[in-house]
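Here's the structure we're looking at; comments come further down.
The values are calculated or read from the model by the stated rules, or taken from the named source; none is laboratory data. Keep in mind the model is a prediction, meaning the values are calculated, not measured. Here the Cβ is made from the backbone with ideal geometry for all residues, glycine too, and neighbour counts use every protein chain on show.
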Amino acid sequence: MGVGGRTMVGFISSSPKKTPMSKPTRPAAKLRQISIRNYKGIENVELALPGPRMEADPDVMVIGSQNGLGKTSILECCSLLLSTLTEDPEQWRFLAETREWPVDLPDLLVRAGAEQFKLDGKISLEDRQCSVSSSLNRQGEWKSYGKKLEKAREAFDATEKSKGIGRELVGAISGMSADPVLAESFLFFHSYRKVMEGHIELGMMADESSYDLPYWRSRWRRYDSSMSSFKVIILRSLMQRAGLFEVPEVGDSSTAIDKLNDLLKIYADGTISKKLRPRADNTVEFRIDPNRGGDSFTFDGLSSGQKEIISTLFLIWHYTQERPSVVLIDEPELHLNAQWHRRFVNTLLDLAPHNQYVVATHSTDVMDSVDEDRRLLLEE
């Protein structure tokens, strides 16, 4: 496999053991093959992502390399291809209106000297498989089509929530969003992600549309700190459990808070406070009670590494309880110590074992945490 003039050497297969869990009932998409042509620095790559050999084995692939060899671009292309399952092709028409964006998207995404980038792939959905193709040319025209794609899209029954994922995704790829992309068919934790400091306005907890402003007006400002999806979900869960306000459902709020407390206990030696703290600027914050006693402190008081691993693991659990997903994670080692590097993949597999995971990393500890035939090494 070639990346420009480079050669890709990879191995694929069994892996770490996981805790048995009941299998979700809703169908899940799995990406099994992708071909990338003329995307950013990639000239031509064809990559197979076969499922595990044994049903009980986890579906995981860890990609490692030095900088500049294309592993992040591979994750971006996987996201773009999977977005076709929920994003109506008509919703991509905004790409032609490049004046709405502060960057020239075709110039950013299409490889220098090429007229367009093109993605082809095979996505399995239980007993069916669909072929999908997507392309973007220098005139900003996006096309997506595929054999049996419409049938696959029917299985997802894309909701209002999933509309606009194209904008979310391109914002993440452009480095202009701090939030991960949380779609119906995939989760993409990009390398710019961060749980931003700050507090949530009351209105943002009551109506999702109140913080989903026109993308180019709100999110090009590196994401207002109060826009963190993780914080909104936690605060809604706390309010839902208290039963004092009518708020959008976030599933079983008690289970969500219990899961958060499990993670806080491991990574912060504390639990979420049952009381919200109001602030004079019409915002509220949630706080942490130390397990060893003492005064509570704001969640923002945690280290960047603690916030990163707690939010990532919680969001993966939260969004894939009912429908397993393809979870794409770029540089999970961001802000984490070496011990957490080694445990990260196994923790993922214990928490949500039915997902397909594709992880890009610089960490040898993350690479070594899976079997050799579940590693893909990109080399010059």
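Each residue in segment 321-345 was checked for being in contact with a Pro (Cβ under 8 Å, 6 or more places away or on another chain) and not in a helix (DSSP H, G or I), and 4 pass.
If I filter segment 346-363 for residues that are farther than 17 Å from Lys259 by Cβ, hydrophobic (A, V, I, L, M, F, W, C), assigned to a helix (DSSP H, G or I) and free of Cβ contacts under 8 Å to residues at least 60 places away in the same chain, do I get at least one hit? Scanning segment 346-363 turns up no residue that is farther than 17 Å from Lys259 by Cβ, hydrophobic (A, V, I, L, M, F, W, C), assigned to a helix (DSSP H, G or I) and free of Cβ contacts under 8 Å to residues at least 60 places away in the same chain.
All of Ala96, Ala112 fail the test of being over 25 Å from Leu328 (Cα atoms), surrounded by fewer than 19 Cβ atoms within 10 Å (Cβ to Cβ), hydrophobic (A, V, I, L, M, F, W, C) and modelled with pLDDT of 90 or more, apart from Ala112. Residues in segment 344-360 include at least one that is more than 25 Å from Gln33 (Cβ to Cβ) and among the aliphatic types (A, V, I, L, M). Are any residues in segment 53-93 at pLDDT 85 or above and not in a helix (DSSP H, G or I), and if so, which ones? If the condition is that a residue be at pLDDT 85 or above and not in a helix (DSSP H, G or I), then Asp57, Pro58, Asp59, Val60, Met61, Val62, Ile63, Gly64, Gly70 are the ones that fit.
Of the residues Asp289, Asp262, which single one is more than 21 Å from His318 (Cβ to Cβ) and either of a type in the set (Ser, Thr, Tyr) or under 29 Å from the mean Cα position of the chain (by Cα) (or both)? Within the list Asp289, Asp262, the selection yields Asp289. Among the helices (runs of 4 or more DSSP H) confined to segment 138-227, the ones with at least 2 residues that are surrounded by fewer than 14 Cβ atoms within 10 Å (Cβ to Cβ) and at pLDDT below 55 are located at 215-218.
Annotation: of all residues in segment 131-147 being basic (Lys, Arg) and more than 24 Å from the chain's Cα centre (by Cα), the one that is farthest from Arg167 (Cα to Cα) is Lys147. Of everything in segment 325-380 that's among the polar types (S, T, N, Q) and under 14 Å from the mean Cα position of the chain (by Cα), which residue is farthest from Pro58 (Cα to Cα)? Only one residue tops the list, namely Ser325. With respect to Pro50, is the statement that it is farther than 18 Å from Leu169 by Cα, modelled with pLDDT under 90 and surrounded by fewer than 14 Cβ atoms within 10 Å (Cβ to Cβ) true? For Pro50, the condition - farther than 18 Å from Leu169 by Cα, modelled with pLDDT under 90 and surrounded by fewer than 14 Cβ atoms within 10 Å (Cβ to Cβ) - is met. Against the conditions (1) charged (D, E, K, R); (2) surrounded by fewer than 21 Cβ atoms within 10 Å (Cβ to Cβ); (3) touching a residue at least 40 places away in the same chain (Cβ under 8 Å), Asp330 satisfies every one except (2). The residues of segment 262-281 that are among the β-branched types (Val, Ile, Thr) and outside any helix (DSSP H, G or I), listed by number, are Thr271, Ile272. Among all positions in segment 285-292, there is at least one residue which is modelled with pLDDT under 90, crowded, with 17+ Cβ neighbours inside 10 Å and touching a strand residue (DSSP E or B) at 6+ places or on another chain (Cβ under 7 Å). Evaluating Ser35 against the criteria (1) at pLDDT 90 or above; (2) among the hydroxyl-bearing types (Ser, Thr, Tyr); (3) surrounded by 21 or more Cβ atoms within 10 Å (Cβ to Cβ) leaves one unmet condition, (3). On the given criteria, is Lys259 loosely packed, with under 14 Cβ neighbours inside 10 Å, modelled with pLDDT of 90 or more and not in a strand (DSSP E or B)? So Lys259 fails the test. Per the conditions (1) under 14 Å from the mean Cα position of the chain (by Cα); (2) under 24 Å from Leu49 (Cβ atoms); (3) modelled with pLDDT under 85, the sole criterion not satisfied by Arg128 is (1).
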